[in-house]
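Worksheet: one structure, shown below.
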Amino acid sequence: MLTVSETVAQSIINHQKQLLAMAKRKSRKELIRSLAHDETMTKFEIYSLLTSLKRIPILSFSIAPGAASYDSTKKISDYLELNEAFPIESSILLKKNKFYATLDCYDNVNYSSCEPCNYDDSVEEKKDYYNYEIKKIYDTIKKRKYSLLFKVQHFREAIWFIENKEVKIYSTRDKLVYDPDEYIKKRCSVESVRNLALGKLHSFCD
């Protein structure tokens, strides 16, 4: 995907349509697997539901080993790599253009689980309840002209997105949008990023 003249950030931006198409295929496959695994719906019901839903995948990236040399003069977005083993963190599912459900693949990304992703169409509105929190995030993000959503492992309270060909972060903690490197200065540290690049996964960027 990366050409000689492209930085990693430019490659993500330039190839986001291909990334999104791949993520939609993967999320469809995982949604079918999840619904079939529950054994509560017939095949007809599963495919009827599929045709009524719009999937907005949230891709999964991690910090590349090259970020061991990251410092304040460099861009963290040039040290991201797609999680090839499992490239989606989750999917937001819309019905009639309104939030309807989620497909959570966190365990598949972070713990290499072979179980189906978790389909959840609960609508209970409680603080710290997964669907409620994701719905609040989506209601904020949808007002922006984003073209791709993704998460970066160990950045626990950050949704990354591309808007106007720039990589940005939405902080779910303070509800603000940041340049990724500014976010690291405020919520993380250069040392934490370097530790993640070296595989010291006790570090987090919140």
Cysteines of the chain without any disulfide-compatible partner (other Cys Cβ under 4.7 Å) are C114
Which three extents, in whole angstrom, do the alpha-carbon atoms of the chain cover along their principal axes, largest first? 54, 37, 33
Once the Cα atoms of helix 130-141 and of the chain are each reduced to a long axis, what angle between those two axes, in degrees from 0 to 90 to the nearest 10, is obtained? 60
Tell me the net charge near P57. Cut-off is 10 Å between Cβ atoms, P57 excluded, with +1 for each Lys or Arg and -1 for each Asp or Glu. +3
Using modelled amide H (1.01 Å from N, peptide plane; none on Pro or chain starts), what sits under 5 Å from the amide H of I58, excluding residues fewer than 5 places away? E89, S90, S91, I92
How far, in degrees from 0 to 90, does helix 43-52 lean away from the longest principal axis of the Cα atoms of the chain, to the nearest 10? 50
For segment 31-36, what does the Karplus curve 6.51 cos²θ - 1.76 cosθ + 1.60, with θ = phi - 60°, yield as ³J(HN,Hα) per residue in whole Hz, taken in order and with x for Gly and Pro? 5, 4, 4, 5, 5, 5
May I ask for the longest run of the chain untouched by chymotrypsin sites (Phe, Trp or Tyr not before Pro) that are loop-located per DSSP and have at most 15 neighbouring C-beta atoms (other than their own) within 10 Å? 1-110
Segment 80-89 - phi-based ³J(HN,Hα) in whole Hz, Karplus 6.51/-1.76/1.60, Gly and Pro as x: 9, 9, 5, 6, 4, 5, 8, x, 10, 7
Are there GluC sites (Glu not before Pro) in segment 117-154 that DSSP puts in a loop and that have at most 13 other Cβ atoms within 10 Å, and which ones? E124, E125
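Would you kindly calculate the mean projected area, averaged across all directions, of the convex hull enclosing the Cα atoms of segment 1-103, in square nanometres? Working shown, then result.
Numbers: hull surface 33.7 nm².
One quarter of the hull surface, i.e. the mean projection, equals 8.4 nm².
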Taking H placed 1.01 Å from N in the peptide plane, check which residues at least 5 places from V152 or on another chain put their amide H under 5 Å from its amide H. F61, W160
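Is it possible to state the helix-based mean residue ellipticity at 222 nm for the chain, with each DSSP H run of 4+ residues giving -39500 (n - 2.57), the sum divided by total residues, to the nearest 500 deg cm²/dmol? What is it?
Working: 7 runs with 73 residues, N = 206.
Result for the chain, helices only: -10500 deg cm²/dmol.
Are there any trypsin sites (Lys or Arg not before Pro) in segment 83-143 that are in a DSSP loop and have at most 15 other Cβ atoms within 10 Å? List them by number.
Details: sites: K95, K96, K98, K126, K127, K135, K136, K142, K143; in loops: K96, K126, K127, K142, K143.
Answer in residue order: K96, K126, K127, K142, K143.
Provide the per residue accessible area, probe 1.4 Å, for the chain, rounded to a whole number of square angstrom. Could the numbers behind the result be given before it?
Working: 11360 Å² over 206 residues.
Averaged over the residues of the chain, the accessible area is 55 Å².
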Which ³J(HN,Hα) values in Hz, rounded to whole numbers, follow from the phi angles of segment 92-99 under the Karplus curve 6.51 cos²θ - 1.76 cosθ + 1.60, where θ = phi - 60° and Gly and Pro get x? 8, 10, 10, 10, 6, 6, 10, 3
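Using heavy-atom solvent-accessible surface (probe 1.4 Å) with all chains present, what is the largest-first order of H154, H37?
These residues rank, largest area first, as H37, H154.
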Carbon and sulfur %, accessible surface of the chain computed with the full protein complex present, 1.4 Å: 50
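The values are calculated or read from the model by the stated rules, or taken from the named source; none is laboratory data. Quantities reported herein were computed from a predicted structural model and do not represent experimental measurements. Positions of Cβ are generated from backbone atoms using ideal geometry, with glycine treated the same way; all protein chains shown enter the neighbour counts. These area figures cover heavy atoms from the full protein model, side chains too; ligands, DNA and RNA do not enter into them. Shrake-Rupley method; radii C 1.70, N 1.55, O 1.52, S 1.80 Å.
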